[in-house]
1. On C-alpha positions alone, give me the angle between the axis of helix 68-103 and the longest principal axis of the chain, in degrees, nearest 10.
2. Test of understanding: ordering Leu119, Leu142 by Cβ neighbours within 10 Å, fewest first, what list do you get?
3. Is it possible to state the helix-based mean residue ellipticity at 222 nm for the chain, with each DSSP H run of 4+ residues giving -39500 (n - 2.57), the sum divided by total residues, to the nearest 500 deg cm²/dmol? What is it?
4. Report the charge-dipole magnitude of region 68-142 in Debye, nearest 20, computed about the Cα centre from +1 at each Lys and Arg Cβ and -1 at each Asp and Glu Cβ.
5. Using a simple spin-label model with points 7 Å from Cα along the Cα→Cβ vector, what separation in nm is obtained for Ala86 and Thr146?
6. Would you tally the net charge around Val110, using a Cβ to Cβ cut-off of less than 12 Å, leaving Val110 out, and scoring K and R as +1, D and E as -1?
7. Could you list Tyr102, Tyr126 so that the one with the fewest beta carbons within 10 Å of its beta carbon is first and the one with the most is last?
8. Report the Cα centroid-to-centroid distance between region 100-158 and region 233-255 in angstrom, as an integer.
Amino acid sequence: MKNRFRIFLLGLLSLTAGTLFADTFDAVVDWNRRVEVGFGMSGQVKAVEVRPGDAVAAGAVLVSLDTVLLEIAVNKALNTKAISEAEMERQLALVEREQTLYDEGALSAVQLEQVELDLSRTEFAYNDAQLEHRRVRHLLELATLTAPFDAWVVDSDFMPGQFVHHQADSPVLMTLAERGRYVAEAEIDGAAVERLNRSPDIKIRLGDKTFEAVQSRIGLEPIGDGKEGQRYLLSVHFETDDLIRPGTSCTVLAP
C-alpha cells in the first residue's frame, strides 16, 4: 500500500512539474539598450573619467572638453546682458518721464515717439544679450559628456589631449550598454506563439539562477522558416545587477 502511494505521489509531482513549465526554449542574452554617445561640439579632450568595463550611474561624467574659452564667452555674455538690462531700465525711466511731459503738453508727439523707438531698440538688444548668454551656456554644458542611464562602458575611443570634431565622418564615440536590464531572445514556432499569448507568466533560467520576466514580446512577422514552419522572435526582458555578457546562453521557461 505504501509503495502504491509513493508511486502515485511521484507521478503527481512529475505531472505538477510538467504543468509549471510546459515549454522551454533555448535563448541568448543581449543588452536591453546599447548606444553610442559623443559630443555635440568640437574641442580638445581635457579628461576621460571612465574606462571600458566600468559601471557608471545615470548622469555621471564620462568625458570632458577644455572649457577655458567657453567660460570666458559665458562671462562676456553675462556682462553684456547686465549692461543691456541697465540700459533698458534707464530707457524705461526716460519714457515714463517723457510721457508725463507729453501729457502736460510740454513735449511733442514726435519727440515721444522717438524715445519709445529708442526703448524698443534697447529691449531688442537686451533680448539678444539673453539669447547669447543662453547659447554659450548651452555650449558649456555640451562640453561635458554624461551617462544617459545606468550603464556599462563597453568601449571608448576618447583619449586625453585629442581633438574631437563632432561633424567628422567618423566622430569619436563611447559605447554604453544599459546596466541592470537584459533581454533574452529565442526563436519559437507558431504553436508556441498561441500558447505564450495565453500564458504570459514567463521566467528565465541562467545557470543556477532564475529571473522573473519584466516584459515579453513576440514579433509580429516571422524571422525565418524551420522544419516545423515559420519561426518568430520571442524577446523576454529581465532585471539583474550582475554583468551578463551578450551571447550567454539561457533558457526561457513558460507555464
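No value in this document is a laboratory result; all are computed from the given coordinates. Nothing here was measured: the structure is a model prediction, and the numbers come from that model. So basically every Cβ, Gly included, is an ideal-geometry build from the backbone, and we count neighbours across all protein chains shown.
1. Taking Cα atoms only, the helix is inclined about 50 degrees.
2. Leu142, Leu119
3. Computed mean residue ellipticity for the chain: -13500 deg cm²/dmol.
4. On the way: 8 positive and 15 negative charges, 104 e Å.
That gives a dipole near 500 debye.
5. Label-label distance for Ala86 and Thr146, simple model: 3.4 nm.
6. On the way: positive: none; negative: Glu98, Glu113, Glu116.
Charge balance near Val110 sits at -3.
7. In increasing order of surrounding Cβ atoms, one gets Tyr102, Tyr126.
8. 51
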